[in-house]
Amino acid sequence: MLPAGEVRIVPSILAADFGTLALDAGEVAMATDWLHVDIMDGHFVPNISIGPPVVASLRRHSGAFFDCHLMISEPQRYLEAFRRAGASSATVHVEVGGTAKLIEQMRSLSLGVGLACNPDTPFEAVEPFLDRIDLLLVMTVFPGFGGQTFMTEVVPKISAARQAVDRLGLSVAIEVDGGIDMETIGLAADAGARLFVAGSAIFGDERPWEAVERLRALAVGALDRRG
């Protein structure tokens, strides 16, 4: 079940050491039960990451919720393979098109249903699907590479998503991904995000589990101040 209103820090394994991926996943398991799994095809985004075999291998070592972000041009061809590999939820990009059919396919596979939008994609592109999804991922960088800088110009889109979800009474989790660190997480939380994908800010720390806790405390503090 996706936590629509609960603050959750979601470590991105893209920033982990792939040579010790299971160990890195285990280090953050004491602080969070979610992992963000970035899937890139070298076509939708200019980078290649991992596929179902690596997800399946990691699943043998982790009981975490696998939040799989499919940055690929033809997700319909691979959704079943990722489900078999151990994906808990799949997030596809509205930019690839065929969104309604992709949502139906994910539902039929009993996957959590996520929909992502790039920084330059208007909120209106995802708004018609809000009542059919579990998670809305607002990208705060252009996808493809880790370690990028948070784009503050996307903040109004996060706010628009929060307002729409609350107005419609939907249980949609709003997630942000890109440049989330100790400086930016409060801004994203104040705008309405509740799930925060962070890579370098976590796995670049010598004690990544403590980085998760610090990020969570900052997000919760921003929400408390917001009232």
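Of 202, 133, all but one fail to be under 17 Å from the mean Cα position of the chain (by Cα) and over 18 Å from residue 90 (Cβ atoms); the exception is 202. Inclusion of residue 28 among residues that are hydrophobic (A, V, I, L, M, F, W, C), over 22 Å from residue 84 (Cβ atoms) and either part of a strand (DSSP E or B) or modelled with pLDDT of 95 or more (or both) is warranted.
Scoring residue 33 on the criteria (1) more than 16 Å from the chain's Cα centre (by Cα); (2) among the charged types (D, E, K, R); (3) farther than 22 Å from residue 179 by Cβ leaves a single failure, condition (1).
Close contacts from segment 103-119, counting a first residue that is within 16 Å of residue 65 (Cα to Cα) and a second that is of a type in the set (Ser, Thr, Tyr), with Cβ to Cβ under 8 Å and a gap of 6+ residues or different chains, come to 111/88; 111/89; 112/88; 112/89; 113/89; 114/89; 114/91. Can you go through 224, 205, 177 and tell me which one is of a type in the set (D, E, K, R) and touching a residue at least 12 places away in the same chain (Cβ under 8 Å)? None of the other options fit; the residue is 177. Being over 23 Å from residue 74 (Cβ atoms), over 17 Å from the mean Cα position of the chain (by Cα) and without any contact (Cβ under 8 Å) to a residue 40 or more places away in the chain is a property that residue 183 has. Taken as a whole, the condition of being closer than 21 Å to residue 161 by Cβ, in contact with a Phe, Trp or Tyr (Cβ under 9 Å, 6 or more places away or on another chain) and assigned to a helix (DSSP H, G or I) does not apply to residue 9. For segment 121-138, the set of residues classified as touching a residue at least 12 places away in the same chain (Cβ under 8 Å), more than 17 Å from residue 196 (Cα to Cα) and not polar (S, T, N, Q) consists of 122, 123, 125, 126, 127, 129, 130, 131, 132, 133, listed by residue number. Here residue 86 passes the criteria (1) at positive phi; (2) without any contact (Cβ under 8 Å) to a residue 24 or more places away in the chain except the one numbered (2).
Within segment 178-227, the set of residues being farther than 23 Å from residue 22 by Cβ, of a type outside the set (A, V, I, L, M, F, W, C) and in contact with a helix residue (DSSP H, G or I) (Cβ under 6 Å, 6 or more places away or on another chain) comprises 181, 186, 190, 192, 226.
The values are calculated or read from the model by the stated rules, or taken from the named source; none is laboratory data. Keep in mind that this is a model prediction, so the values were computed, not measured. We place every Cβ from the backbone using ideal geometry, glycine too, and count neighbours over all the protein chains shown.
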